[in-house]
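Undergrad: So that we are looking at the same thing, I have put the structure below in structure tokens.
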Amino acid sequence: MEEAGAAVVAAGEAELNMSRLNVSPETLELELEARGEERRGAREALLRLLLPHNRLVSLPRALGSGFPHLQLLDVSGNALTALGPELLALSSLRTLLAKNNRLGGPGALPKGLAQSPLCRSLQMLNLSGNCFQEVPASLLELRALQTLSLGGNQLQSIPAEIENLQSLECLYLGGNFIKEIPPELANLPSLSYLVLCDNKIQSVPPQLSQLHSLRSLSLHNNLLTYLPREILNLIHLEELSLRGNPLVVRFVRDLTYDPPTLLELAARTIKIRNISYTPFDLPGNLLRYLSLASNCPNPKCGGVYFDCCVRQIKFVDFCGKYRLPLMHYLCSPECSSPCSSASHSSTSQSESDSEDEASVAAHRMQKVLLG
């Protein structure tokens, strides 16, 4: 223990490193109490406390009174099943590292966490390598959180309330059992790094194109067969990781189309020919239906669609090297067939358009990891 104390002094008074001491939790508790007493009369406050790999089964009680100015606490690699009320006394804590423990059951986080000063101070939280099956509701109230890591747990889903974390810049959820990405994830204005690798995700919602701050998107080792066309709108994206997905391992060309109903055909005619009408000419339900028209994204087609459209996977070039399958929604099969009257090229009109889009966006994505 004296050797550990000497190492602490050498490392600097603002940090107390007590990792891998190989002592009993009771002895560690006594040592922490002694250190806390020493710090009360010290001029410099203790800012960092490192307690990883110490066989802890609960947080030391001394945390509640001896370290009021602590900014970083590392209790990783222990045997913690709960973070007790001692945590709530750390009103200045900015970084909490509690990875590779046994957290995840009822009461894993202290009651009152959302109402504590930690709600305003905590900026980085790492709970990776634990046993959480769902994101605790109290975590979704930590409005100052900038980095949240819950990788290597047993998460089944991402709650829609993730949008509450408006300060979030980095979200790491790799190595779970997540099947869907909620559209609400797109409501995080500062999100720059999103890691969803090694899950069971089958599709990417087009709403993610609203993540204008996103720089890195990790989706490798999932079940993706295509990407939404809107991904081209991620203007700051520099890295996209897709290896280990069916869209990379086995390219799939697909086209599905359900013929439009007579109602939709009539509505399309009204929209395409700009037939005028007033609210007094049609029943309310038809007026609402007409307002739901979507313009065909093919710039060389003036068509519209309502409920029925062509869903087609198109392969577009990125960075002159990679061809990625993007999902397109067109108004009719004619939009995806060759325009023989204008050209003898075997490349379809919509495919040319999509590749033009990709060439404009290619410089934005500096690294596409496919293998």
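The values are calculated or read from the model by the stated rules, or taken from the named source; none is laboratory data. For clarity, every value in this text was computed on a predicted model and none was experimentally measured. Every residue, glycine as well, gets a Cβ built from its backbone with ideal geometry; the counts of neighbours run over all protein chains shown. Ligands, DNA and RNA are stripped out before the accessible areas are found, and what is left, the full protein with its side chains, is counted by its heavy atoms. Shrake-Rupley method; radii C 1.70, N 1.55, O 1.52, S 1.80 Å.
Undergrad: Rounded, prolate or oblate: which one fits region 13-250, using the alpha carbon gyration tensor with axes a ≥ b ≥ c (rounded when a/c is under 1.5, else prolate when a/b beats b/c, else oblate)?
TA: prolate
Undergrad: Taking amide H positions as placed in the peptide plane 1.01 Å from N, state which residues far from ILE201 in sequence (5 or more) or on other chains have amide H under 5 Å from it.
TA: Those lying under 5 Å, H to H, from ILE201 are LEU223.
Undergrad: Continuing with this model, one more query. With every protein chain present, what is the per residue accessible area of region 37-138 (1.4 Å probe, Å²)?
TA: With the other protein chains kept in place, region 37-138 gives 47 Å² per residue.
Undergrad: Let's test the formula: R0 of 25 Å, r as the Cβ-Cβ distance of VAL57 and GLU134. What FRET efficiency results, to the nearest 0.05?
TA: E between VAL57 and GLU134, to the nearest 0.05, is 0.60.
Undergrad: Between GLU334 and GLN154, take the C-beta separation as r, use R0 = 35 Å, and let me know the FRET efficiency to the nearest 0.05.
TA: 0.15
Undergrad: Ranked from highest to lowest mean number of other Cβ atoms within 10 Å per residue, what is the order of the peptides 283-290, 296-303, 227-234?
TA: 227-234, 296-303, 283-290
Undergrad: Turning to a different aspect of this structure: Can you tell me which of 140-146, 258-264 comes out highest on packing, and rank the rest after it, using the mean Cβ neighbours within 10 Å?
TA: Per-residue mean Cβ counts within 10 Å order the peptides as 140-146, 258-264.
Undergrad: Could you list which residues have their amide H under 5 Å from that of LEU227, counting only those 5 or more apart in sequence or on another chain, with H placed in the peptide plane?
TA: Under 5 Å from the amide H of LEU227: LEU326, MET327.
Undergrad: Give me, ordered by chain and number, the residues 5 or more places off LEU155 or on other chains with an amide H under 5 Å from its own placed amide H.
TA: The list, which skips near neighbours in sequence, is PHE177.
Undergrad: Over the Cα atoms of region 79-172, Rg to Rh with Kirkwood Rh, two decimal places?
TA: On the Cα set of region 79-172, Rg over Rh gives 0.92.
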